[in-house]
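Just so you know, all these numbers are worked out from the coordinates, no wet-lab data involved. Quick caveat, the model's predicted, so the values are computed rather than measured. Here the Cβ positions follow ideal geometry from the backbone for every residue, glycine too, while neighbour counts run over all protein chains shown.
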Amino acid sequence: MNPITLNTLEAFPQQLEAHYAAIPAGFRHWSPSSWEGVPSEPFTAIEQICHVRDIEIDGYHVRFQRTLDEFKPMLVSIDGEALAKERSYATANADEVFVAFREARAKTIALISGLSQEQFNRTAEFEGYGPLSLRSLVHYLCSHDQQHLAGLQWLLGKIEASRVQLRG
């Protein structure tokens, strides 16, 4: 795996925590009046971090393992909005979410770091993405991470815009 992607994945938990910490405490459950233009799923700040945790564990851990163990498996997409409701993201404890995510990402990094070129070349079909290799999955995970950093920055922009409107 190329070092930039691996390093980016490894650094992400700290970046996610820093971006979340930048959200004012009173806005961590806040929703804007419109989600138009959001670069990630339309989730509040607390929901964003829960989603990242669950996609890591229920999405990518499963996808990586199935791609390694099965012959060209069909990898399903996860309905993030349904998961958010089912798991009550809005009432989650951020500290617990970050502990679970750091552990999950460490497991991901350990797995990826130990793979051979042959394993990276294993293939699957990913719902909504089409045919891919395990290496592709690693890049899609990194992309997903960046979408959620962008989502948190987008929320910060909306928060600041709402403050301007209040001062009007």
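Listed here are the residues, each with its yes/no results for (1) in contact with a Leu (Cβ under 6 Å, 6 or more places away or on another chain); (2) under 23 Å from W35 (Cα atoms).
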site: A82; (1), (2): no, yes
site: N93; (1), (2): no, no
site: F98; (1), (2): no, no
site: I112; (1), (2): no, no
site: S116; (1), (2): no, no
site: A124; (1), (2): yes, no
site: S136; (1), (2): no, no
site: A150; (1), (2): no, yes
site: K158; (1), (2): no, yes
Go through (1) loosely packed, with under 14 Cβ neighbours inside 10 Å; (2) not in a helix (DSSP H, G or I) and name the single condition A106 misses. (2)
Within the stretch 60-102, count every residue that is among the polar types (S, T, N, Q), part of a helix (DSSP H, G or I) and surrounded by fewer than 14 Cβ atoms within 10 Å (Cβ to Cβ). 2
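Table: residues versus (1) surrounded by fewer than 15 Cβ atoms within 10 Å (Cβ to Cβ); (2) not in a helix (DSSP H, G or I).
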| position | (1), (2) |
| --- | --- |
| M1 | no, yes |
| T5 | no, no |
| L9 | no, no |
| P13 | no, no |
| E17 | no, no |
| W30 | no, yes |
| S34 | yes, yes |
| V38 | no, yes |
| E41 | no, yes |
So, of the residues in the stretch 109-156 that are aromatic (F, W, Y) and part of a helix (DSSP H, G or I), which turns out to be nearest to H19 (Cα to Cα)? W154
Check on Y60, in contact (Cβ under 8 Å) with a residue 60 or more places away in the chain, over 24 Å from K158 (Cβ atoms) and of a type outside the set (K, R): yes
Go through the stretch 137-167 and report how many residues are small (G, A, S) and more than 13 Å from F43 (Cα to Cα). 4
The correct count of residues that are of a type outside the set (A, V, I, L, M), in a helix (DSSP H, G or I) and within 12 Å of L156 (Cβ to Cβ) in the stretch 19-28 is 3
